[in-house]
Amino acid sequence: MRLFLVCIFCAVFGISFSQEKEHTSYFDINYFKGNIALHNNDISHLIKGHPEGVILSWNKKTYGFNDWERRYNYPDYGVSFAYQNLKNDVLGNNYALYTHYNFYFLNRHLMLRIGQGLALTTHPYDKEENFRNIAFGSKILSSTYLMLNYKKERIIDRFGLQAGLSFIHYSNANVKAPNTSINSMALNVGVTYNLDDEEPEYIRTLHDIEQEKFTEPIKYNLAFRVGINESDVVGSGQFPFYVFSAYADKRINIKSALQFGTDIFFSNFLKEFINYRSVAFPEDNTSGNEDYKRVGVFAGHELFINKTSLVSQFGYYVYYPFDFEGRTYIRIGLKRYFSNKWFGALTLKSHGAKAEAVEFGVGLRL
């Protein structure tokens, strides 16, 4: 599935490209080659050859001038452009634009990049001309990529090297069927080039308030989410959905909060799917009058990174009149706080590895 998420969010949710010397920047370019993972037997006919491509990235370094930078060991953030040849005439080529964060470990030699963005595929599903492409039902896709690299900068003047593993995921999250998605696992090797001669010193000390134990009372949240999606029945149509959520959260430290709450789902595609099943599969004993609404309870975690936070939730349907993809669900995505109370959210809801919807939301934290 897709971690979904962690980068379109970074763009929509506010990267600032300041020219102050609190930051320096660098480019890197990586060539990758690997395999398409067989996560679903239905895509076995799409796995041919060894997909390859190039990722070009611009990165801004942080040095601790803001407290959140020190908290997360001075991450980088930036934008990436990727080209991938999927080595299959049915799948074609993909072009993607991401925003990303780089997190560092092992004395800053080990880098984990998390990127989220949008991709354009050259050969989407077409019922007449490309009916074998059950992976991409639309020309525009959501894409997530992960990169784990060993990295050494400034080996020769401003040039450095990095190498490691990459994971790239493409899917449209059931905005339009079909949507079995494609996951690529690859080896990558690349070159870095620093744009600045010198770099500022890292600020090592947190402000006094950061040294104290962080406390905050329980907060109560209201959220409204919306989007469009389609069932797995190709051509059944795209329909709007609406989700109302209420939950409480408790900060356990300055980075994390635990959540508990409830969701009410109004999924109009499910209303159409229930009617379809009642007509096409009478042996299922579906009457067509089953309620399409669902109610879930969930527990979750929120990781705060500056004004952006990463949200992960696990839910269970307590009101479940029609069986669709099981009684448990997962939500993962990002929130962006516009003030102490108001936030926006972009999240992916799925049942296990099967995505149901991309949700656009707004909310209030009291």
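Every number in this text was worked out from the coordinates using simple rules, so none of it is lab data. Quick caveat: nothing in here was measured; it's all calculated off a predicted structure. As a convention, Cβ positions derive from the backbone with ideal geometry for all residues, glycine included, and neighbour counts pool all protein chains shown.
The base-10 log of I(q)/I(0) for the stretch 142-301, evaluated at q = 0.08, 0.09 Å⁻¹, reads -0.53, -0.64 [Debye formula, identical scatterers on Cα atoms, solvent excluded].
Could you size up the charge dipole of the stretch 213-365 around its Cα centre, putting +1 on the beta carbon of Lys and Arg and -1 on that of Asp and Glu, and report it in debye to the nearest 20?
That gives a dipole near 1140 debye.
Need the C-alpha centroid separation for the stretch 328-366 versus the stretch 55-69, integer Å. Between the Cα centres of the stretch 328-366 and the stretch 55-69 lies a distance of 25 Å. Listed cross-link partners Lys151/Lys213; Lys127/Lys176; Lys152/Lys335; Lys219/Lys271; Lys60/Lys255; Lys127/Lys354 are compared with a 24 Å cut-off, the Cα-Cα value being larger for Lys151/Lys213; Lys152/Lys335; Lys219/Lys271. Between Tyr31 and Tyr242, the contour length at 0.36 nm per residue exceeds the Cα-Cα span by 71.8 nm. Here the gap between Phe266 and Arg154, fully extended at 0.36 nm per residue and compared with their Cα-Cα distance, gives a gain of 34.9 nm. Its residue count N sets the reference 2.2 N^0.38 Å, and the alpha-carbon radius of gyration of the stretch 213-365 equals 1.15 times that reference.
Here the alpha carbons of the stretch 78-122 define both size measures, Rg and Dmax, at 14.0, 44 Å. The calculated P(r) of the stretch 8-194, using every Cα pair and 10 Å bins from 0, goes 9, 36, 31, 17, 7, 1 in percent.
For trypsin sites (Lys or Arg not before Pro), the sites in the stretch 281-355 that DSSP calls loop and that have at most 14 other Cβ atoms within 10 Å are Lys307, Arg327, Lys341. Ordering Ile330, Leu310, Ile264 by the projection of their Cα atoms onto the charge dipole of the stretch 229-347, which places +1 on the Cβ of Lys and Arg and -1 on the Cβ of Asp and Glu, puts Leu310 at the extreme positive end.
Between Asp291 and Lys127, the contour length at 0.36 nm per residue exceeds the Cα-Cα span by 55.9 nm.
Across the stretch 295-300, rounded Karplus estimates of 3J(HN,Hα) from the backbone phi angles (6.51 cos²θ - 1.76 cosθ + 1.60, θ = phi - 60°) give 10, x, 10, 8, 10, x Hz, Gly and Pro being marked x. Comparing Ala37, Thr180, Leu110 along the charge dipole axis of the stretch 8-194, the residue lying farthest to the positive side is Leu110, per the Cβ-charge model.
Across the chain, Cα-Cα pairs more than 36 Å apart make up 28 percent of the total.
Lys and Arg at +1, Asp and Glu at -1: add these up for the other residues within a Cβ distance under 15 Å of Arg158 and post the number.
Net of charged neighbours comes to -3.
To the nearest ten degrees, helix 268-280 and the longest principal axis of the Cα atoms of the chain are 40 degrees apart. Dipole magnitude for the chain: about 440 debye, using +1 per Lys or Arg Cβ and -1 per Asp or Glu Cβ, origin at the Cα centre.
Between the beta carbons of Val191 and Lys307, assuming R0 = 45 Å, the FRET efficiency works out to 0.85 to the nearest 0.05. Each part gets one Cα centre, and for the stretch 91-111 versus the stretch 134-197 those centres are 5 Å apart. From its DSSP helices (H runs of at least four residues, each -39,500 (n - 2.57)), the chain gives a residue-normalised ellipticity at 222 nm of -2000 deg cm²/dmol. Under the convention that each Lys and Arg Cβ holds +1 and each Asp and Glu Cβ holds -1, the size of the dipole of the stretch 135-220 around its Cα centre is about 780 debye.
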